[in-house]
Amino acid sequence: RLQQCFFFEPNPSVRGVITIGTPHGGSTFSNQTTQWLSSKLIRLPKMLMQSQESLFRHNKDAFQGNSLVKIENGIDSLSPNTPIFPVMLVSPRLPWVKYHNIIGQVPKHGLFALAAAGDGVVGLESARIDGVASELVVPADHTTVHCHPLAVLEVRRILLEHLDELRSFPDPGPPQARTAELSLMRR
């Protein structure tokens with residue numbers, strides 16, 4: 001089951017990814033206080049917790065305390081110290097996938113003048129990733145970056161660009177031909 005979670009075949013139909021307010025390097029917002037509070041408010045499904053407990057119980061020497069598979073809640077998994085972030089950042093990207101990134105930046109006036117660079121939850125450095133086709137910084141906090149008018153227009157622009165690219169593909173023919181083509185791509 002672990003192998004299915006961490007090792008997978010890329011989906012050849014995915015041609016683009018848009019990330020919005022994403023902590024690619026984690027978030028310092030995930031600290032002892034927020035982790036403790038979230039542990040009191042958020043409960044993971046019982047089946048997931050039982051599977052995790054069984055995995056650790058039967059493989060005591062296989063996992064470190066900060067293991068990639070140890071999940072308590074969504075907040076603690078966003079800590080910059082979580083070992084998955086360095087792995088994800090150095091993982092090779094598929095050449096046919098275009099990545100786009102939209103980042104929130106809290107305006108530096110009023111109550112937010114002392115806020116750290118970023119959207120109030122995700123710092124600018126963590127939000128940025130190399131190799132993107134486009135990056136847009138919008139004046140919004142983490143809870144509103146996805147619905148800021150500039151972000152909405154950027155998503156629309158990216159989707160229209162993707163649609164134009166799809167229109168330029170040759171007709172794949174009948175469904176049987178597409179299935180055979182996908183089968184060849186997997187080999």
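The values are calculated or read from the model by the stated rules, or taken from the named source; none is laboratory data. Since the structure is predicted, the reported quantities are computational estimates derived from the model, not experimental observations. Cβ atoms come from the backbone with ideal geometry, glycine included; neighbour counts cover every protein chain shown. Accessible surface is based on the protein model in full, side chains and every heavy atom, while ligands, DNA and RNA are left aside. Shrake-Rupley method; radii C 1.70, N 1.55, O 1.52, S 1.80 Å.
May I ask you to list the residues in segment 141-167 that are under 19 Å from VAL97 (Cβ atoms), open to solvent by 80 Å² or more (accessible area, probe 1.4 Å) and within 20 Å of the chain's Cα centre (by Cα)?
Passing the criteria: only LEU159.
Within segment 115-140, how many residues turn out to be assigned to a loop (DSSP other than H, G, I, E, B), in contact (Cβ under 8 Å) with a residue 40 or more places away in the chain and open to solvent by less than 30 Å² (accessible area, probe 1.4 Å)?
Adding up the residues that qualify gives 3.
Do we find a residue being touching a His at 6+ places or on another chain (Cβ under 7 Å) and at pLDDT 85 or above anywhere in segment 161-177? Lay out the reasoning, then the answer.
Of all residues in segment 161-177, those touching a His at 6+ places or on another chain (Cβ under 7 Å) come to none.
No - not one qualifying residue is present in segment 161-177.
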